[in-house]
1. Pick from the stretch 74-96 the residues that are assigned to a helix (DSSP H, G or I) and open to solvent by 80 Å² or more (accessible area, probe 1.4 Å): which of them is modelled with the lowest pLDDT?
2. Hey, can you tell me all the residues within the stretch 12-63 that are among the basic types (Lys, Arg) and surrounded by 10 or more Cβ atoms within 10 Å (Cβ to Cβ)?
3. Taking the condition among the hydroxyl-bearing types (Ser, Thr, Tyr), open to solvent by less than 50 Å² (accessible area, probe 1.4 Å), modelled with pLDDT of 90 or more and farther than 17 Å from Leu40 by Cβ, does Thr71 pass?
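The values are calculated or read from the model by the stated rules, or taken from the named source; none is laboratory data. Being a predicted model, the structure only gives us computed values, none of them experimental. No Cβ is skipped: glycine too gets one built from the backbone with ideal geometry, and neighbour counts run over all protein chains shown. Ligands, DNA and RNA are stripped out before the accessible areas are found, and what is left, the full protein with its side chains, is counted by its heavy atoms. Shrake-Rupley method; radii C 1.70, N 1.55, O 1.52, S 1.80 Å.
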Amino acid sequence: MNNALSCSLPEDLLDVSDDVEAGIPIDAITCAINRADSVLTLLEDHFESESDRPRLANHVLAAVIWDVRGTLGLIKTLTLHGDATSTPRAKTGGAQ
């Protein structure tokens, strides 16, 4: 087995498809932000809840944090794609 692949995270292996339009994929970025926010809201509820519910196990809490880190990695990939495929204003002479 390839050692590099055995220790990889999903966001390390996934990339924006070559047939995607140039520019900033704002819908995909917004979706990823909303997913991370939802996971963090669940985590927040876990700590702020005053009920007698049992606490989540440490490995579950770690997985929640890891999920948000992965989502941030996906957001980074999407923004880098947007940056790399957008025409800089300085080159086009556009002013704002």
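1. The first filter runs over the stretch 74-96 and keeps only residues assigned to a helix (DSSP H, G or I), leaving 74-85, 89-92.
Keeping just the survivors that are open to solvent by 80 Å² or more (accessible area, probe 1.4 Å) gives 76, 80, 83-84, 89-92.
Values: Lys76: 93, Leu80: 93, Asp83: 92, Ala84: 91, Arg89: 57, Ala90: 51, Lys91: 54, Thr92: 56.
In this case the residue turns out to be Ala90.
2. First pass over the stretch 12-63, keeping only residues among the basic types (Lys, Arg): 35, 53, 55.
Residues satisfying the conditions are Arg35, Arg55.
3. Numbers: among the hydroxyl-bearing types (Ser, Thr, Tyr): yes; open to solvent by less than 50 Å² (accessible area, probe 1.4 Å): yes; modelled with pLDDT of 90 or more: yes; farther than 17 Å from Leu40 by Cβ: no.
So Thr71 fails the test.
Conditions tested, residue by residue: (1) of a type outside the set (S, T, N, Q); (2) more than 19 Å from Pro10 (Cα to Cα).
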{"position": "Gly23", "(1), (2)": "yes, yes"}
{"position": "Ile29", "(1), (2)": "yes, no"}
{"position": "Ile33", "(1), (2)": "yes, no"}
{"position": "Glu48", "(1), (2)": "yes, yes"}
{"position": "Ser51", "(1), (2)": "no, yes"}
{"position": "Asp67", "(1), (2)": "yes, no"}
{"position": "Gly73", "(1), (2)": "yes, no"}
{"position": "Thr77", "(1), (2)": "no, no"}
{"position": "Thr87", "(1), (2)": "no, yes"}
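Here is a yes/no grid of residues against (1) at pLDDT below 80; (2) more than 18 Å from Gly70 (Cα to Cα):
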site: Asn3; (1), (2): yes, yes
site: Val16; (1), (2): no, no
site: Thr41; (1), (2): no, no
site: Glu44; (1), (2): no, yes
